[in-house]
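Q: Attaching a single structure in structure tokens format; questions to follow.
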Amino acid sequence: MSKETVSVIIPIYNDEKYLKQCVESVLTQTYTDLEVILIDDGSTDSTPEICENYRQKDKRVRVLHKTNGGVGSSRNAGLAMATGEYVLFVDHDDWLDKRHIESLHQLLKENDADIAACNYLEFKEENATFVFHISDKDYFEKIFSIPEWFKYEYRMDYYCLSVIFAVPWCKLYKRSLFENIAYPINAPVEDDLTTWKIYLLANKVAYMNKAMYTHRILKESVSAKVNLTAVFPLSAVEDRLSFLKLLGFDTSVEEEAYRWRLNICKENALKDGDIVMYKNAVQKLAILQKYGKK
């Protein structure tokens, strides 16, 4: 593998319906120095066969069939197999613009960054409609220091950067950033617990405000099936708060997010009958109120 190879990691579970569109969008990229790693997470449909067919057709494709362990374990397995200089994640039911990898690679190299990121659009499967939140006239490029990038963590009002901040896709990373990164294997949603740690290891983030990734929205997505407490875990903010405080970052926005998540936790824990989690959230809210941190 050359030093400029991009390892594209695609975690997959039972996706015979959309997988071909996803993989084809990767194999037909204008940037061709690719290592495409398909991680079959114990699929029970025709996904294993589809993966093997791609492996036989294209020497750039590598496949791992593993026991079902969740998307976190699949990302970890893909990272362990990766040999490229760079890493890029794609969700198995999403797809890429033809110049997605080339554009991110060029942006990263030109700005001597460790991470290059772009924007995205949505495709709602239920009614086959695209949702755009930026247009061509909104294009710009910006280089963020890491403290600056963290200021956009919750900015849904600014070109949906909140989503881009949290998710592993829409980005090209130097693989060296993942040397000591492990995704949790026991969490329904693993990105909010992990992606921010990768930023802290980087020197800067090069960003282009262009939608070059299509994220498919399914009625049966992970976020639709789990409760909001799992989608917005308290532990992620608690972990960030402690690290960012130690690093001297401004944590005011993170503190607001923590109070918001405590209320989400309180409401959903009671609905789910988890009285221990409920009382824990109520207790923390009461302590914050006592010390004037409403």
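Q: Keeping every protein chain present and rolling a 1.4 Å probe, give me the accessible area per residue for the chain in Å².
A: With all protein chains present, the chain gives 49 Å² per residue.
Q: Probe radius 1.4 Å, ligands and nucleic acids left out: which of I146, I217 has the largest accessible area, and how do the rest follow?
A: Result, largest first: I217, I146.
Q: Continuing with the same structure: First measure r as the distance between the Cβ atoms of N186 and Q21, then evaluate 1/(1 + (r/R0)^6) with R0 = 25 Å and state the FRET efficiency to the nearest 0.05.
A: Taking R0 as 25 Å, the efficiency between N186 and Q21 is 0.25.
Q: Turning to a different aspect of this structure: Just to verify a number: what accessible area does L108 come out at with the full protein assembly present, 1.4 Å probe, Å² rounded to tens?
A: 0 Å²
Q: P(r) of the chain in 10 Å steps, Cα pairs, percent per bin?
A: Whole-percent P(r) values from 0 Å outward: 6, 27, 34, 23, 8, 1, 0.
Q: Heavy-atom accessible area of H105 with all protein chains present, probe 1.4 Å, nearest 10 Å²?
A: 30 Å²
Q: Just need log10 I(q)/I(0) for the stretch 156-208 at q = 0.17, 0.21, 0.28 Å⁻¹, Debye formula, equal scatterers on the alpha-carbon atoms, no solvent, rounded to two decimals.
A: For the requested q values the scattering log ratios are -0.57, -0.85, -1.30.
Q: Then there is this: Go through T32, M277, T83 and say which Cα lies farthest out towards the positive end of the charge dipole of the chain; charges sit on Cβ, +1 for Lys and Arg, -1 for Asp and Glu.
A: Selected residue: M277.
Q: Okay, moving on. Give me log10 I(q)/I(0) at q = 0.18 Å⁻¹ for the stretch 12-133, Debye formula, one equal scatterer per alpha-carbon, no solvent.
A: Treating every Cα as an identical point scatterer, log10 I(q)/I(0) equals -1.06.
Q: Sticking with this one: How much of the accessible area of the chain, in percent, comes from carbon and sulfur atoms when a 1.4 Å probe is used?
A: 52 percent
Q: Now, a different point. For the stretch 109-217, give the share of DSSP beta bridges that are antiparallel, in percent and rounded to the nearest 5; count only bridges with both residues there.
A: 55 percent
Q: If you don't mind, there's one more thing I want to ask. Would you calculate, for the chain, the mean residue ellipticity at 222 nm contributed by helices, counting each DSSP H stretch of 4 or more residues as -39,500 (n - 2.57) and dividing by all residues, to the nearest 500?
A: The per-residue figure over the chain is -11500 deg cm²/dmol.
Q: For the full complex of protein chains and a 1.4 angstrom probe, list M156, M81, M277, M208 by accessible area with the highest value first.
A: Ranked list, largest accessible area first: M156, M277, M81, M208.
Q: Also: Of all DSSP beta bridges located in the chain, what percent are antiparallel, nearest 5?
A: 35 percent
Q: If only Cα atoms are counted, what is the Rg of the stretch 199-294, and what is its Dmax, in Å?
A: That works out to 16.8, 47 Å for Rg and Dmax.
Q: About the Cα centre, and with charges only on the beta carbon of Lys, Arg (+1) and Asp, Glu (-1), how big is the dipole of the stretch 162-294? Nearest 20 debye, please.
A: Taking the Cα centre of the stretch 162-294 as origin, the dipole is about 220 debye.
Q: Tell me which lysines have Cα within less than 22 Å of K204's Cα, excluding those fewer than 8 residues away on the same chain?
A: In chain and number order, the partners are K3, K109, K142, K151, K171, K174, K245.
Q: Whenever you get a sec, line up R261, R155 from highest to lowest accessible area (probe 1.4 Å, protein heavy atoms).
A: If we order R261, R155 from most to least accessible, we get R155, R261.
Q: Still on this model: Taking the alpha-carbon distance from K17 and a cut-off under 18 Å, which aspartates and glutamates remain once sequence neighbours fewer than 8 residues away in the same chain are dropped?
A: D40, D41, D45, E49, E52, D91, D93, D94, E122, E125, E126, E220
Q: Please list, by residue number, every one of the chymotrypsin sites (Phe, Trp or Tyr not before Pro) in the stretch 134-198 that is coil in DSSP and has at most 13 other beta-carbon atoms within 10 Å.
A: Of the chymotrypsin sites (Phe, Trp or Tyr not before Pro), the ones in loops of the stretch 134-198 whose Cβ has at most 13 other Cβ atoms within 10 Å are Y139, F140, Y158.
Q: By how many degrees, between 0 and 90 and to the nearest 10, does the Cα long axis of helix 71-81 differ from the longest principal axis of the chain?
A: So the helix axis and the longest Cα principal axis differ by about 50 degrees.
The values are calculated or read from the model by the stated rules, or taken from the named source; none is laboratory data. Bear in mind the structure is a predicted one, so any value in this text is a computation, not a measurement. We place every Cβ from the backbone using ideal geometry, glycine too, and count neighbours over all the protein chains shown. Note: accessible area is taken over every heavy atom of the protein model, side chains too, but ligands, DNA and RNA are not part of it. Shrake-Rupley method; radii C 1.70, N 1.55, O 1.52, S 1.80 Å.
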